[in-house]
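Participant: Dropping the structure in here first, questions after.
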Amino acid sequence: MVQDPKQLERERPERLKVLWLSTIGFTVMFAVWLMFGVLGVPIRQEFGLTDVQLSWLSAVAILNGSLWRMFTGILADRYGGRLVFTLMLFFTAIPAYLVSRAGSYEELLLYAFLVGFAGNAFSVGIAWNSAWFPKEQQGFALGLFGAGNVGASVTKFIGPALIASVPAAGYLGGLIPGGWRFIPFLYAVLLVLMGLVMWFGTPKNDKVPGQGRALLDMLRPLRHIRVWRFSLYYVVVFGAYVALSAWLPKYYVDVFGLPLHQAALLTALYIFPASLLRPLGGYFSDRFGARRVMYWTFWSILIPSGILMMPEGHIVLYTQGGTREVMQFTMSVWLFTLLVFLIGIGMGIGKAAVYKHIPTYFPKDVGAVGGLVGMLGALGGFFLPPLFAYAQAWTGLPQMTFFVLFLLTAVSFLWMHLTVLQLLQQEAKHLKNDFELKGDRPS
């Protein structure tokens with residue numbers, strides 16, 4: 001449906017309010033969702049946790065931030081993003097506060113699971129912004145909203161300093177907790193404030209594209225195989241991003257022996273490009289096509305992860321004069337950080353490219369399709385941290401983290417490339433270099 005240019009211009013101020021406030025709200029929610037990446041280190045010390053136990057603490061939060069993405073996306077289409085997003089902010093404040101009061105590992109697991117609901121805000125924001133923005137601006141708008149992923153770095157910046165500066169006994173006789181517990185308490189307050197700003201600062205007359213539609217009708221696009229293919233792509237660019245955001249601080253501490261505050265800052269160097277370049281990925285997808293951008297993305301992850309998965313050591317040659325060590329390889333912390341930074345660039349651009357497909361192919365079902373893609377992608381963030389831990393435990397090699405990433409990316413790249421080749425065979429020969437195939441048109 002072609003929209004009236006005059007109406008689009010009249011709605012521009014309201015559209016920008018939705019974009020900016022939803023982006024800020026998503027940034028706060030994302031910070032809450034992944035706060036255990038930094039809090040996990042002092043929590044491990046206080047409760048005496050193993051690496052596997054610690055990995056499950058992050059994993060259960062990621063799990064609950066994945067399970068409801070399709071459902072909340074559908075709710076945003078049916079009842080409006082303003083209502084759904086605001087309610088989510090208020091609800092998430094409750095378990096955030098409870099995390100600050102947890103007294104055992106079992107309580108932490110429960111509250112971490114509940115506070116993980118924050119991660120579902122993504123599908124709400126995607127559906128909400130898709131409803132407000134015209135097709136030719138959706139790539140950039142959804143990319144800018146998705147840049148709220150930078151919230152993963154908020155705790156890494158403020159966490160170590162606040163943990164060190166706030167007394168363990170807290171303030172006001174413990175009413176405001178201290179140490180690591182101050183962080184979730186602070187987030188609980190910010191969530192309530194953001195909920196109020198969201199409700200009173202966005203347009204009351206919201207856009208509700210799914211109003212009145214039957215639920216089965218909204219779920220019908222999920223039968224298309226391309227939806228599930230997009231979901232696997234999103235596991236690579238988002239699920240692995242989430243997993244590494246939570247895993248890297250511990251990796252820096254354990255492998256390179258860095259203090260927590262340095263580990264957190266170096267992890268932020270990965271998080272920034274993986275989050276802030278998302279608008280650029282949306283711009284590239286609008287201009288060059290989402291599939292071509294996905295080719296760039298996969299190669300930018302495969303090459304660095306292929307280097308990072310190499311174990312440290314050297315080749316030994318046996319000669320007549322005895323043995324000789326050659327090709328010694330040792331990963332320095334700066335080379336490691338550079339390669340992880342490159343992976344972050346690929347993921348930041350790739351996340352926008354994946355979601356550029358959705359309003360193009362399923363313009364009336366962004367909530368359901370975007371929710372499913374986001375759900376399965378985020379579930380990758382749930383499974384990967386324990387998989388990293390088990391792979392390391394089985395082999396004794398921390399580099400197995402990046403072997404898992406390399407393998408996952410290779411499988412996704414192969415599926416996409418085989419799909420492209422199959423579609424090229426169905427098209428005219430003059431389209432052999434056209435990745436945005438006309439044969440892969442929306443259903």
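Nothing in this text is a laboratory measurement; each read-out follows from the coordinates by a stated rule. From a predicted model like this one, the values you see are computed outputs, not experimental measurements. Cβ atoms come from the backbone with ideal geometry, glycine included; neighbour counts cover every protein chain shown.
Participant: Apply the Karplus curve 6.51 cos²θ - 1.76 cosθ + 1.60, θ = phi - 60°, to the phi angles in segment 244-254 and return the couplings in whole Hz, x for Gly and Pro.
Facilitator: Per residue, the Karplus-derived 3J(HN,Hα) values read 5, 4, 7, 8, 5, x, 5, 4, 4, 5, 7 Hz.
Participant: Follow-up question, since we're still on this one. If amide hydrogens are placed 1.01 Å from N in the peptide plane, which non-local residues have theirs closer than 5 Å to the one on Ile176?
Facilitator: Correct list: Tyr171.
Participant: Here is a follow-up. For the residue pair Gln262 and Leu16, what label-to-label distance in nm results when each label sits 7 Å from Cα along the Cα-to-beta-carbon direction?
Facilitator: Distance between the two pseudo-spin positions: 4.4 nm.
Participant: Which whole-Hz couplings ³J(HN,Hα) result when phi for each residue of segment 342-358 is put into the Karplus expression 6.51 cos²θ - 1.76 cosθ + 1.60, θ = phi - 60°, listed in order with x for Gly and Pro?
Facilitator: Computed from phi, the couplings for segment 342-358 are 5, 4, x, 4, x, 5, x, 6, x, 4, 5, 5, 4, 6, 5, 4, 5 Hz.
Participant: If you don't mind, another one. At 0.36 nm per residue, minus the direct Cα-Cα distance, what do Ser332 and Leu193 gain on full extension? Give it in nm, one decimal, please.
Facilitator: Length difference between fully extended and current span is 45.7 nm.
Participant: Select one label from [x] 26, 55, 17, 2, 0; [y] 24, 51, 20, 4, 0; [z] 20, 49, 29, 1: the one whose number is P(r) over Cα pairs in 20 Å bins from 0, in percent as derived from the coordinates shown.
Facilitator: [x]
Participant: Something else: Per DSSP helix of 4 or more residues, -39500 (n - 2.57); summed, then divided by the residues of the chain. What does that give at 222 nm, rounded to the nearest 500?
Facilitator: Calculated mean residue ellipticity at 222 nm is -24000 deg cm²/dmol.
Participant: Listing Val41, Val18 from the residue with the fewest other Cβ atoms within 10 Å to the one with the most, what is the order?
Facilitator: Ordered from fewest to most neighbouring Cβ atoms within 10 Å, Val41, Val18 come out as Val41, Val18.
Participant: In whole Hz, with x marking every Gly and Pro, tabulate ³J(HN,Hα) for segment 189-199 from phi via Karplus 6.51 cos²θ - 1.76 cosθ + 1.60, θ = phi - 60°.
Facilitator: For segment 189-199, the Karplus curve yields 5, 5, 5, 5, 4, 5, x, 5, 4, 4, 5 Hz.
Participant: Within a 10 angstrom radius of the beta carbon, how do Phe182, Phe26 rank from fewest other beta carbons to most?
Facilitator: Going from sparsest to densest Cβ surroundings: Phe182, Phe26.
Participant: Follow-up question, since we're still on this one. Using +1 on the beta carbon of Lys and Arg, -1 on that of Asp and Glu, and nothing else charged, what's the dipole of segment 14-137 about the Cα centre, debye to 20? Walk me through the intermediate numbers first.
Facilitator: Numbers: 8 positive and 7 negative charges, 84 e Å.
For segment 14-137, the charge dipole is close to 400 debye.
Participant: State the answer as a single residue: which of Leu424, Met194, Ile301 lies farthest towards the positive end of the charge dipole of the chain, with beta carbon charges of +1 for Lys and Arg and -1 for Asp and Glu, about the Cα centre.
Facilitator: Most positive-ward Cα: Leu424.
Participant: While we're on this one: Going by amide H atoms built from the backbone, whose H comes under 5 Å of the H on Gly210, apart from near neighbours?
Facilitator: Amide H neighbours of Gly210, under 5 Å, 5+ apart: Arg78.
Participant: So, one more: Sorted from fewest to most neighbouring beta carbons within 10 Å, what does the list Leu16, Leu418, Leu277, Leu67 look like?
Facilitator: Leu418, Leu16, Leu67, Leu277
Participant: If I model a spin label as a point 7 Å beyond the Cα along the Cα-Cβ vector, how far apart are those points for Ile158 and Trp394 in nm?
Facilitator: 4.0
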